[in-house]
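Quick notes on the structure that follows.
Every number in this text was worked out from the coordinates using simple rules, so none of it is lab data. Source: prediction; values computed, not measured. Cβ sites come from the backbone with ideal geometry, for glycine too, and all protein chains shown count toward neighbours.
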Amino acid sequence: MKLFTEVPCEKAIEFPLCEPVCVLGSCFADAMGARLTDAGFDVLRNPFGTLYNPASIADAVRRLDSGEAFTSRDCVPLGAGDGRIGSFSHHTSFARPSAEEFLAYANARLSEDAARWKRCTRVILTLGTAWVWRSLERPGRSVVANCLKRPAAEFSHELLGVDACTGLLRDIILGHPDKQFLLTVSPIRHLGDGAHANTVSKSTLHLAVQQLLSTFAVPVVSYFPAYEILTDELRDYRFYAEDLVHPAPAAVQIIWERFLDACTDPADRPRILEAERTARAAAHRPNR
């Protein structure tokens, strides 16, 4: 008698320990990127902070490719009385008390991360939502990666279509023949606009991914079913955090183990396990 739906994981592109990895996307990408780091991989993890939609991911890749420095034109004061300075390209964790401090920090990170990006041969793109926010006060009504707590009246809200999502991701893949791409859809629900809007958004992302899988073959592009593992196989709230949206640590661990089975060489497993043991020991080491 089976009490759950098992989601099979087909063999995807391989992630050797010796190959640098870049992880871009939603907060689920942050969680998996942390696991890769603990396992001994050389990981570039969300160099601009968490990114949720394909347009923001594409903008981040263009910036990493060009290495174009941020300037005073990019500086935006955070809202809600925060007062710090950030940019619409960054997560609020990059914000600093002044524009000078923000630009110094953001450009130092960009210089380092752009060089690391060029070395990466494996890329994980985790898509969170097809909904985007556009700044009404910026040239071209550009999509923002983060609204920086600013008033909603400064933005428009829209759903990217399947073709738009596909085109943004296709350009990334075609522009980097030296890299192999693993696509995932984040299992974390975005319920700000309601459950139906989240379903439409996730469906849009899945259709875009399917178009890409029909266009590119392994090892150029492959798909890892993190979304299906959590929503189908682990279909129980004990596998969710207290907010009932994010996966609980047990779920992340299960998905991570399935990733290892699908995407790593068994010969690397002893070194991966040893690196994980070392990381756990360091995390529990008492401060002196």
Subject >> Alpha carbon centroid spacing (whole Å) that separates the stretch 201-271 from the stretch 114-176 >> reply: 21
**OP:** Label the chain by shape, choosing from rounded, prolate and oblate, from the square roots a ≥ b ≥ c of the eigenvalues of the Cα gyration tensor; if a/c is under 1.5 it is rounded, and otherwise prolate applies when a/b is larger than b/c, oblate when it is not.
**Re:** rounded
Original post:
Counting only the backbone N, which residues of the stretch 217-245 are under 20 Å from the spot 7 Å out from the Cα of L191 toward its beta-carbon?
Top reply: 227-245
Subject >> Total charge dipole magnitude, the stretch 181-270, about the Cα centre, Cβ charges on Lys, Arg, Asp, Glu only, Debye to nearest 20 >> reply: 160
Original post:
Applying the Karplus parametrisation 6.51 cos²θ - 1.76 cosθ + 1.60 with θ = phi - 60° to the phi angles of the stretch 139-145, what ³J(HN,Hα) value in whole Hz is obtained for each residue in order, glycine and proline being reported as x?
Top reply: x, x, 6, 5, 5, 9, 7
Subject >> Residue-count net charge about H157 - beta-carbon cut-off 10 Å; Lys, Arg +1, Asp, Glu -1 >> reply: -1
**OP:** Just tell me which lysines come within less than 26 Å, Cα to Cα, of K2; anything on the same chain fewer than 8 places away is out.
**Re:** K11
Original post:
What's the exposure ranking of W133, W256, going from fewest to most Cβ atoms within 10 Å?
Top reply: W256, W133
**OP:** Largest first and to the nearest Å, give the Cα extent of the stretch 197-288 along each principal axis.
**Re:** 51, 36, 24
Original post:
For V245 and A80, what does the FRET efficiency come to when R0 = 22 Å and r is the distance between their Cβ atoms, rounded to the nearest 0.05?
Top reply: 0.50
**OP:** Could you calculate the FRET efficiency of L3 with Y237 from 1/(1 + (r/R0)^6), where r is the beta carbon distance between them and R0 is 22 Å, rounded to 0.05?
**Re:** 0.90
Original post:
Nearest-5 percent of antiparallel DSSP beta bridges in the chain?
Top reply: 35
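Between beta-carbons, use under 15 Å as the cut-off and find the net charge around E10, counting Lys and Arg +1, Asp and Glu -1.
-3
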**OP:** Using the Cα centre as the reference, give the magnitude of the dipole from point charges on the C-beta atoms of the chain (Lys, Arg: +1; Asp, Glu: -1; all else neutral), rounded to the nearest 20 debye.
**Re:** 420
**OP:** Would you order E10, E154 from fewest to most other beta-carbon atoms within 10 Å of each residue's own beta-carbon?
**Re:** E10, E154
